[in-house]
Every structure is written in C-alpha cells, then in structure tokens.
Ligand code: ARG
C-alpha cells in the first residue's frame with residue numbers, strides 16, 4: 001500500500017526526460033494492478049511485466065501479469081485483465097496515450113499507443129539532439145578490452161574483444177557516462193627474460209636502436225628464444241637472470257623491455273588506427289609495484305594458505321577436475337607473481353583509485369572461471385564492494401571459417417588480424433568499383449570505411465555469446481542484415497533530402513512530423529523506441545540489440561519510402577522530417593557501433 005502511494009505521486013506524462021516510455025507504462029500498469037487487487041497480492045506480483053508485442057498488428061506493448069495473477073487469485077485471467085484495464089483507463093491523463101487496449105488470447109493485455117502521441121513525442125523529445133535518451137546520473141565506467149600480449153600478433157580472437165569493447169564504450173559515452181577505456185596489455189612476465197637475453201646475444205643492434213624490426217620478426221624471434229630456453233642450459237640461466245634484472249629495475253633490462261614493447265605497440269596502433277579505436281594502454285606492468293603489498297595485505301587479512309610452497313587463497317565452491325579445492329595462487333613458490341595477482345591489483349586500483357561504479361572486462365569465454373574466482377576474491381578481501389561497483393565479464397564465442405572450423409589461413413596458421421582487415425578492404429574495393437566512379441584516393445578511403453564497417457557489423461550483429469562464420473561475401477552483401485545494406489538505406493535518405501527544395505533547418509522550427517499512413521506509424525514507433533533499445537543494451541551488453549534495431553529501422557524506412565511519396569507530395573514537409581529523424585538515428589546507431597557510413601553508394 002505504501003508503495004502504491006509512492007508510485008501515485010509520480011505523475012509524469014512527458015516521457016523521454018527522466019523516464020523511458022516502457023518504464024512509464026510499467027509504472028502505470030503496476031498502479032492499475034495494485035488498485036484492482038490491493039492487499040490480495042504482494043508487491044512483487046503486482047510489478048507489471050511489460051514487453052514489446054511479437055507482431056505490430058496486435059499492438060505495441062503487451063502486459064502479461066493476468067495469467068500469473070489468475071493462479072494466485074484463483075480467478076479467470078480474462079476477468080483479471082478486464083479489471084486491470086478498467087483501472088488503467090479510469091485515469092484521465094492516459095486517455096490520449098492509447099488508441100487501443102484490449103485482451104488477447106488467454107489474458108494478455110495488448111496496448112496500442114496512439115499515433116498522435118507517438119508523433120508528439122517524436123517532435124518534442126526525440127527530434128532534438130539527444131534522440132530521446134533520458135537524463136542520467138553519470139557513472140564512472142571502466143571498459144577493459146582488446147588487451148593483446150607483447151611479442152605476439154593480434155589475431156582474430158582479439159578482433160572480437162576490440163570491436164565489442166569499443167561499441168560498449170561508445171554506448172556509455174553517448175549515454176553521458178564517464179568512460180575509461182583500458183587496454184590491459186600483457187607486457188610483464190617471465191617471457192621477457194628469454195626475449196631480452198635473445199636480443200642481447202644475437203641482435204644487439206635492435207637494443208641500441210640502430211636497427212628497426214617489426215612485430216612479425218619479433219614474434220619469430222620469440223619462438224626461437226622459447227626453443228633455446230628449453231634446449232640450452234646456459235641460455236635458460238641467462239634468461240632467468242634477466243627476469244630478476246627486469247623486476248629489480250636494472251637499467252639495461254628495462255631499456256630492452258621498453259624496446260620490445262615499443263615494437264609491439266607500433267603494430268597494435270596500426271590496427272587501432274585502421275579500426276578507428278581509441279584505448280589507453282595500462283598493461284600488466286602498471287600494477288607491478290603493488291603486487292607484494294597486496295599479498296602482504298591478504299596475509300594480514302588471514303586469507304592466505306600455503307599450498308605446495310606457494311601462497312594461495314582458497315574460495316568456497318571451486319574445485320578442480322579431481323574434486324579437490326581449487327585455489328587462486330597469488331605468489332609462486334619462487335616468490336614471483338602471476339596473471340591472477342595482477343588482476344587482483346587491477347580490480348583494487350579500479351575501485352579504490354579510479355572509483356569505478358561499473359567495471360566491464362571483455363575477453364573470450366575461456367577466461368570465465370578466472371574472472372569468477374578473482375571477483376569472489378576481491379569481494380572477500382574487501383577491495384571491491386558489490387554495493388558500490390558492478391562487475392560484468394563480457395564474453396564471446398569463436399570466429400569460424402566458412403568450413404565451420406576455427407578460423408585459419410589456408411596453410412593452417414592463425415590469421416593475423418591485420419591481414420584480415422586488409423583483405424576486407426580489398427573486397428570492399430571490388431564492390432565499390434562496380435557501383436561508383438572513384439579515383440584511386442577516393443576508392444581507397446571509401447573502401448576502408450566500407451570494409452572495416454562490414455567486419456565490425458558482422459561481428460556485432462551476431463549474438464556475442466555464439467560462434468559465428470566469417471565471410472567476406474556475406475558481410476559485403478547489399479542484402480540482408482549487413483553494414484552495406486544499412487549504408488545503402490542511409491544513402492537513400494541523403495539523396496531524398498538533396499532532391500527536396502525544402503531546408504531541413506527551417507522545417508525543424510516551423511513544421512512537425514505527422515504519422516498517418518500505417519508505414520509511417522510503424523517507422524515512427526520504431527524511432528520512438530531508440531532510447532529503450534540503448535537502455536536494454538546498456539544492461540545486457542549485447543550489441544546485437546542495436547544492430548537488430550537498426551536493421552529493422554532500415555527495413556521500415558524502405559517500406560515507408562515504397563508506400564509514401566515524399567518529394568512533390570502534399571506531405572513532403574512532415575515526411576522529410578521523418579526521413580531526417582531516421583537518418584539521425586541511423587547515424588547515431590552507426591556511431592555507437594563504430595561504423596563509418598558512405599555518402600554515396
Ligand atoms: N592478455 C590477455 C590475452 O590476450 C587478455 C587479458 C584480459 N584482461 C585481464 N584483465 N586479465 O589473453
């Protein structure tokens with residue numbers, strides 16, 4: 001009852017400022033349910049369950065509570081739905097909002113929003129620059145993504161982390177949050193000992209800067225160094241000494257380490273530049289000086305147990321294959337730290353120093369157990385307070401070749417990411433050559449936009465948990481759910497606007513969108529939902545929520561374009577505005593996904 005009174009006070013009909021329409025609807029239906037069955041049901045059961053209808057011809061949203069309530073109240077669900085509708089309709093202020101509220105099937109309530117109300121919201125709240133997104137309290141959100149390892153090439157697995165992470169960062173930036181993009185580069189560890197002693201022995205010229213090498217060469221040398229480490233006792237000893245040198249900050253070792261990191265970073269930057277992705281490098285080495293303090297602190301808190309001479313933390317509920325307790329090892333028997341210790345330090349830093357409200361880490365699903373354990377540990381050690389900081393481990397499936405097997409080159413090697421990107425740009429060139437007259441320079445620029453966007457979109461449009469098949473032909477097709485198809489629709493709007501003699505800026509001040517034809521209403525309602533879709537994506541962190549939305553948007557625009565004459569019709573002005581809004585939302589959607597649309601196609 002108290003809850004009902006609280007809800008009653010909130011009487012906000014103009015949505016888009018601090019409430020999404022769907023939240024408003026949920027709120028109003030909850031009130032109607034409480035009013036109808038107050039005292040007989042719990043607050044939880046009254047909480048309205050509102051979803052989009054599966055088919056627009058049934059209405060826009062449906063409320064599913066009557067069926068559940070019928071079990072509790074032992075009453076016919078249709079009768080219950082009737083009572084809810086009666087209480088909803090008794091509200092004067094709602095009359096103009098709905099054109100139809102009706103019971104369907106066994107007791108669903110289907111709600112159709114009036115096209116006048118949709119038009120009004122589009123004109124008032126969405127046609128402005130924020131496109132209907134609600135005011136938020138900005139949060140500090142850390143998105144950690146990409147995170148390749150030094151002296152190794154980026155491969156197709158890093159593509160997913162990089163693209164997905166970037167789109168999540170872009171989403172939160174657009175919504176108004178304070179986003180910190182972090183690249184947790186693997187730039188520390190015993191492998192550097194081998195590399196340093198290998199360079200000192202065979203390639204001094206690289207260390208004194210008189211010779212430049214690329215990452216491919218470095219990767220090759222790394223492999224050779226590993227082999228030597230296993231076969232040559234002296235080399236092994238030298239390498240171990242270099243690890244100690246590096247960890248104690250000895251000048252020459254540090255210099256060599258820096259040179260190695262620089263070679264790798266240059267190669268990574270080439271990829272990020274092509275992908276148009278910004279990242280702050282904060283590699284594993286950044287946390288190095290904190291690691292001993294953390295182990296000491298864990299010890300002080302009584303969380304450390306010695307197992308096989310290593311310092312470990314045992315957490316409840318984790319077992320290895322043999323059914324024995326599985327610990328997090330924080331300090332090896334030789335005193336060294338590892339990947340786990342660094343991640344504990346990273347969480348601690350992100351909570352205590354960065355004051356993150358939300359931490360999102362994007363890696364392949366193979367690291368799920370690692371992050372579960374580290375999360376439990378940092379909560380237990382009180383480095384992360386779950387009431388203050390929300391953590392999401394965002395995982396993804398594998399990229400497959402057209403043979404449905406793990407993506408490999410013809411020679412069976414893992415494909416270098418940079419080669420993959422260049423190949424997409426080349427394929428995009430072929431597509432563009434057949435459609436447009438472009439000089440060499442333009443062709444190059446446009447092909448980079450189309451090729452890179454096609455790769456990003458094909459990745460993001462697949463549910464991120466699932467594996468997907470990588471196909472240049474499919475991703476560059478002008479038909480289906482592809483970037484090329486969306487760009488084509490976008491270009492169509494640009495050309496409609498060019499053909500009209502009206503000036504959009506003037507229309508925006510003097511005219512209004514009016515939704516009349518069913519294709520206009522359908523497109524209008526879809527535009528009305530943009531903020532709702534971003535809200536869903538910000539919760540479940542699934543970029544395909546947005547790609548699905550944009551695909552439907554382009555499809556709906558094409559129907560409107562087919563059914564409703566724009567240029568030269570009596571409705572030219574409102575229809576141009578509707579097209580303009582479609583263009584803006586498409587463009588904003590592209591921005592969030594990191595796509596660069598073409599202006600001609
Ligand atoms: N460098 C790792 C790799 O390439 C990914 C790092 C993920 N992030 C982390 N905080 N552990 O597999």
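The values are calculated or read from the model by the stated rules, or taken from the named source; none is laboratory data. For clarity, every value in this text was computed on a predicted model and none was experimentally measured. Here the Cβ positions follow ideal geometry from the backbone for every residue, glycine too, while neighbour counts run over all protein chains shown.
The table for this structure:
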| quantity | calculated |
| --- | --- |
| Breaking point among (1) modelled with pLDDT of 95 or more; (2) out of contact with any helix residue (DSSP H, G or I) (no Cβ under 8 Å at 6 or more places or on another chain), for residue 450 | (2) |
| Some residue of the stretch 447-459 being farther than 21 Å from residue 401 by Cα and surrounded by fewer than 16 Cβ atoms within 10 Å (Cβ to Cβ) | no |
| The stretch 178-211, subset under 24 Å from residue 342 (Cα atoms) and assigned to a strand (DSSP E or B), residue farthest from the ligand (Cβ to nearest atom) | 179 |
| Selected residue (only one of 334, 297, 340 is in contact with a strand residue (DSSP E or B) (Cβ under 6 Å, 6 or more places away or on another chain) and not in a strand (DSSP E or B)) | 340 |
| Sole residue being within 30 Å of residue 394 (Cα to Cα) and part of a loop (DSSP other than H, G, I, E, B), chosen from 542, 550 | 542 |
| Which listed residue, of 223, 278, is surrounded by fewer than 13 Cβ atoms within 10 Å (Cβ to Cβ), under 38 Å from the mean Cα position of the chain (by Cα) and outside any helix (DSSP H, G or I) | 278 |
| Any hit, the stretch 392-415, residues being under 30 Å from residue 304 (Cβ atoms), within 16 Å of the ligand (Cβ to nearest atom) and outside any loop (DSSP other than H, G, I, E, B) | yes |
| The stretch 370-381 residues that are more than 14 Å from residue 341 (Cβ to Cβ), paired with ones that are within 15 Å of the ligand (Cβ to nearest atom) (beta carbon under 7 Å, 6 or more apart) | 371/361; 371/393; 375/391 |
| Test: residue in the stretch 163-176 that is surrounded by fewer than 24 Cβ atoms within 10 Å (Cβ to Cβ), within 28 Å of residue 419 (Cα to Cα) and within 14 Å of the ligand (Cβ to nearest atom) | no |
| Check on residue 13, modelled with pLDDT under 90, assigned to a loop (DSSP other than H, G, I, E, B) and farther than 17 Å from residue 533 by Cα | yes |
| From 540, 473, 552, residue being at pLDDT 95 or above, surrounded by fewer than 16 Cβ atoms within 10 Å (Cβ to Cβ) and within 28 Å of residue 164 (Cβ to Cβ) | 540 |
| Which listed residue, of 494, 515, 508, 527, is within 30 Å of residue 464 (Cα to Cα) and touching a helix residue (DSSP H, G or I) at 6+ places or on another chain (Cβ under 8 Å) | 527 |
| Residue match in the stretch 145-161 (condition: in contact with a strand residue (DSSP E or B) (Cβ under 6 Å, 6 or more places away or on another chain) and away from the ligand (no atom under 16 Å from the Cβ)) | no |
| Residue ranges of helices (runs of 4 or more DSSP H) in the stretch 419-523 with at least 3 members within 30 Å of residue 123 (Cα to Cα) and in contact (Cβ under 8 Å) with a residue 60 or more places away in the chain | 483-499, 504-510 |
| Residue under evaluation residue 300, criteria (1) surrounded by fewer than 14 Cβ atoms within 10 Å (Cβ to Cβ); (2) closer than 24 Å to residue 361 by Cα, criterion not met | (2) |
| Residue match in the stretch 323-337 (condition: within 16 Å of the ligand (Cβ to nearest atom), under 22 Å from residue 290 (Cα atoms) and touching a residue at least 60 places away in the same chain (Cβ under 8 Å)) | no |
| Contacts under 8 angstrom Cβ, first residue in the stretch 85-101 being on the phi < 0 side of the Ramachandran plot, partner surrounded by 12 or more Cβ atoms within 10 Å (Cβ to Cβ) and at pLDDT below 80, 6 or more apart | 88/94; 93/13; 97/13 |
| Test set (1) touching a helix residue (DSSP H, G or I) at 6+ places or on another chain (Cβ under 8 Å); (2) within 25 Å of residue 548 (Cα to Cα) - residue 401 fails condition number | (1) |
| Of residues in the stretch 356-381 being part of a loop (DSSP other than H, G, I, E, B), surrounded by fewer than 19 Cβ atoms within 10 Å (Cβ to Cβ) and within 21 Å of the chain's Cα centre (by Cα), the one farthest from the ligand (Cβ to nearest atom) | 357 |
| Residue within the stretch 119-140 that is more than 16 Å from the ligand (Cβ to nearest atom), assigned to a strand (DSSP E or B) and under 25 Å from the mean Cα position of the chain (by Cα) present | yes |
| Within the stretch 587-601, considering residues that are over 12 Å from the mean Cα position of the chain (by Cα) and in a loop (DSSP other than H, G, I, E, B), the one modelled with the lowest pLDDT | 601 |
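Conditions tested, residue by residue: (1) modelled with pLDDT under 90; (2) over 21 Å from residue 533 (Cα atoms); (3) in a helix (DSSP H, G or I).
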site	(1), (2), (3)
26	no, no, yes
29	no, no, yes
33	no, yes, yes
68	no, yes, yes
71	no, yes, yes
79	no, yes, yes
99	no, yes, no
109	no, yes, no
